[in-house]
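Working notes, structure below.
Read-outs throughout are calculated quantities, based only on the coordinates presented, and are distinct from any laboratory measurement. Bear in mind the structure is a predicted one, so any value in this text is a computation, not a measurement. Quick reminder, even Gly has a Cβ in these numbers, built from the backbone with ideal geometry, and neighbours come from all protein chains shown.
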Amino acid sequence: MVLSMTGFGRSESTFQGKKIVVEIKSLNSKSLDLNTKVPIRYKEREFEIRKILGDKIVRGKVDCYINIETIEDNHDVKINKELVAAYIQELKSISADGPDFEYLKMAIRFPEAISTKPDELKEEEWEFLLNLIEESLNKFIDFRKTEGATLHLELAKNIENIDNALQEIIPYEQIRLESVKERYKKTLNEFDNIDETRFYQELAYYTEKLDISEEKVRLSQHLSYYTDVLSTEDFCGKKLGFIAQEIGREINTLGSKANHAAIQKLVVMMKDELEKIKEQTLNIL
């Protein structure tokens, strides 16, 4: 199955007065380039989150954002009464002239007079977050599958267009060789005392040099191989890229040997289709 490297998945839900949002998106990349933005309360589990994402996403430039928004009042403030009383007592020992209220205002500004009880990450919240990440990943993968199906159709059509152009070259081959023979004969007729044996040796040499039979066979094989890999293998983006390079080599050789206007036009069309293939192949996982 063809999977696109472009993907998007977003899930959100609430847990004990907190709205949690998980968003994953990716673009193409040669390897896995994973960037995570995780709230402080989940930092201790960030390595586990990255491993879960990496195992499922495999490759691409990926951004994962996890956000928390408190939607209910949940304040847990603690006043250290004993410490505040000790601060007040010390202040009075320095100067007993001020009112107790002024001492209190000064005391609560001192370190650890007022503290907020940290909200520890409990296992049930962690399991809730894991389920939310899994849900987001499933949406992300579904997005990749949908995009991949579209890529598959486009690439199959591009390969078909190149193959059709290759078949159109066949009728021009014999015409091209006959044209070369006639041109050489016409040129040689302008000279006297022509060695016909040498002439046909030279003609055979140039005919062999212009022969494109091997290039056609190899190009046809590469096109068939590309189609097979596209249809049967998973995570085939890199392999398809290598096959596209081989297709390009054969098309270039055809162009250099063509020596015929109609064939050159078909080669240009092949190159145009190949550029589309190369561009789209970069988006395949």
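For region 163-170, putting each phi into the Karplus relation 6.51 cos²θ - 1.76 cosθ + 1.60 with θ = phi - 60° gives couplings of 5, 4, 5, 4, 5, 5, 5, 3 Hz, in residue order, rounded to whole numbers and with x for Gly and Pro.
Cross-link list Lys30/Lys271; Lys238/Lys271; Lys61/Lys271; Lys37/Lys271: which exceed 31 angstrom alpha carbon to alpha carbon?
Lys37/Lys271
Here each label is just a point 7 Å from Cα along the line to Cβ, and for Gln245 and Thr146 those points are 3.4 nm apart.
Applying 1/(1 + (r/R0)^6) with r as the Cβ-Cβ distance of Glu102 and Lys78 and R0 = 35 angstrom yields a FRET efficiency of 0.90. Placing pseudo-labels 7 Å out from each Cα toward the beta carbon at Ala85 and Ala156 gives an inter-label distance of 8.2 nm. A simple spin-label model places pseudo-atoms 7 Å from Cα toward Cβ; at Asp55 and Phe235 they are separated by 1.3 nm. Do any GluC sites (Glu not before Pro) in region 1-97 lie in a DSSP loop with no more than 15 other beta carbon atoms within 10 Å, and if so, which? Here the sparse-neighbourhood loop sites are Glu72. Taking 0.36 nm per residue of sequence separation and removing the Cα-Cα distance, the Val21/Leu210 pair yields an extension gain of 61.6 nm.
Of the trypsin sites (Lys or Arg not before Pro) found in region 1-74, those in coil by DSSP whose Cβ has at most 14 other Cβ atoms within 10 Å are Lys30. Near Leu34: Cβ cut-off under 9 Å, other residues only, Lys/Arg at +1 and Asp/Glu at -1. The net charge is 0.
Within the shell of other residues whose beta carbon sits under 14 angstrom from the beta carbon of Glu168, the net charge comes to -1, with Lys and Arg scored +1 and Asp and Glu -1.
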